[in-house]
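Data block below; observations after.
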Amino acid sequence: MIIHILTSNEGKFREISKMLQPLDHEVIKEDIPYPEVQAESLKTVVEHGIEWILENDMRPWMKAPDHGFVIDDSGLFIKALKGFPGVYSKYVFFTIGNTGILRLLEEKKDREAVFRTSLMFHTDGRNHYFEGLCRAHIAYQERGRHGFGYDPVFIPIGSELTFAEMDTAQKNTFSHRGKAMESFLEFLISMATNEG
Ligand code: ITT
C-alpha cells in the first residue's frame with residue numbers, strides 16, 4: 001500500500017520511514033499542516049488532527065483504496081517540572097529550546113523524564129491508534145549532533161548516550177516513536193495476512 005506520513009518534521013519522517021523499510025510499502029512525506037488543539041493528552045491531539053484534515057483539507061488519495069496516512073504527535077514530560085513541557089513541547093522547543101529546559105532544571109537532582117508518541121493511522125475510513133513511550137534522564141548539558149528537537153538532552157534508560165549521539169536505527173530501538181512504530185508494523189503485517 002501507499003503510506004503517507006503527514007509531518008513537517010524531517011527527523012520524524014526519517015525515523016518512521018526507516019522502520020517501514022523492511023515492509024513492502026511506498027512511503028511518502030506530505031506537508032499537510034493541521035492545528036494542534038490545546039488538549040491534555042497527545043491522543044486527543046492526533047484524533048482532532050485527523051478529524052480536522054478530513055473535514056478541511058481532504059486529498060483524493062485519502063479515500064482511495066490501498067492508501068493510508070499517519071500522523072504522530074509527541075511530547076516530553078519532565079517529572080521535576082510536573083510533566084512540563086508535555087503537550088506544549090513544540091511551542092516550548094521553539095521558544096526556550098534545550099538551553100531553556102536545562103536552565104529550568106538547574107539545581108534539580110531529579111532528572112527523570114518520559115517521551116511519549118501518539119500515532120494515528122487512517123485507512124479505509126477508519127482510525128487505528130498506537131502509542132509508545134521511552135523513559136529517560138535529562139542530561140546536564142547538550143550532547144551529540146544527530147536527531148532533532150530534544151534529542152541532545154535525552155538519555156534513554158539503558159544507554160549512556162543521548163539520542164543525538166545515536167544514529168536513526170539505534171534511536172529507534174529505544175525510542176517512544178520506535179515503540180509506537182513496532183505496534184503499527186505488527187498491525188500492518190496482520191492486515192496484510194488477513195487480506196492475503
Ligand atoms: P509535526 O509536523 O509532525 O507535528 P513537530 O516537530 O511539530 O512535527 P511534535 O508536535 O510531535 O512534532 O513535537 C513536539 C516537539 O517535540 C517538537 O519540538 C519536536 O521537535 C520535539 N520532538 C518530537 N519527537 C522528538 C524526538 O523523537 N526527539 C526529540 N524531540 C522530539
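Points worth noting:
- GluC sites (Glu not before Pro) restricted to DSSP loop in the range 116-196 with at most 11 other C-beta within 10 Å: GLU160
- Taking the helices alone, the chain has a mean residue ellipticity at 222 nm of -10500 deg cm²/dmol, built from -39,500 (n - 2.57) per DSSP H run of at least 4 residues and averaged over all its residues.
- Pairs of Cα atoms nearer than 8 Å and 6+ residues apart set the relative contact order; for the range 1-116 it is 25 percent.
- Over the chain, Cα pairs under 8 Å with separation of 6+ residues give a relative contact order of 19 percent.
- Helix 176-195 and the longest principal axis of the Cα set of the chain meet at an angle near 20°.
- Between the range 19-62 and the range 131-196, the alpha-carbon centres lie 19 Å apart.
- Rounded, prolate or oblate (a/c below 1.5 giving rounded, otherwise prolate when a/b exceeds b/c) for the range 10-53 by Cα gyration tensor: prolate
- What the phi angles of the range 153-165 give under the Karplus curve with 6.51, -1.76 and 1.60, with θ = phi - 60°, is a coupling list of 10, 10, 10, x, 4, x, 9, 9, 8, 7, 4, 6, 9 Hz, glycine and proline written as x.
- Between helix 42-56 and the chain there is an angle of about 40 degrees, using the helix long axis and the longest principal axis of the Cα atoms.
- Sites SER183 and PHE84 - FRET efficiency at Förster radius 35 Å, r taken between beta-carbons, to 0.05: 0.85
- Applying a threshold of 29 Å to the alpha-carbon distances of LYS29/LYS79; LYS18/LYS109; LYS29/LYS108; LYS29/LYS82; LYS82/LYS179; LYS29/LYS109 flags LYS29/LYS79; LYS18/LYS109; LYS29/LYS108; LYS29/LYS82; LYS29/LYS109 as lying beyond it.
- Estimated inter-spin distance, ASP124 and TRP61, nm [label 7 Å along Cα→Cβ]: 2.0 nm
- Sorting 70-79, 27-36 by average packing, meaning the other beta carbons within 10 Å per residue, from highest down gives 70-79, 27-36.
- Those trypsin sites (Lys or Arg not before Pro) in the range 115-155 that DSSP places in a loop and that have at most 13 other beta carbons within 10 Å: ARG145
- Bridgeable aspartates and glutamates around LYS90 (alpha carbons under 12 Å apart, same-chain partners fewer than 8 residues away excluded): GLU36, ASP73.
- Residue order, fewest to most surrounding Cβ atoms within 10 angstrom, among VAL45, VAL92, VAL37: VAL37, VAL92, VAL45
- Helix axis angle, 10-20 relative to the chain longest principal axis, alpha carbon, degrees: 60 degrees
Here, each number is a calculation from the coordinates, and none is a lab measurement. Just so we're clear, the structure is a prediction, and the values are computed from it rather than from any experiment. In this analysis, Cβ positions are derived from the backbone assuming ideal geometry, glycine residues included, and neighbour counts consider all displayed protein chains.
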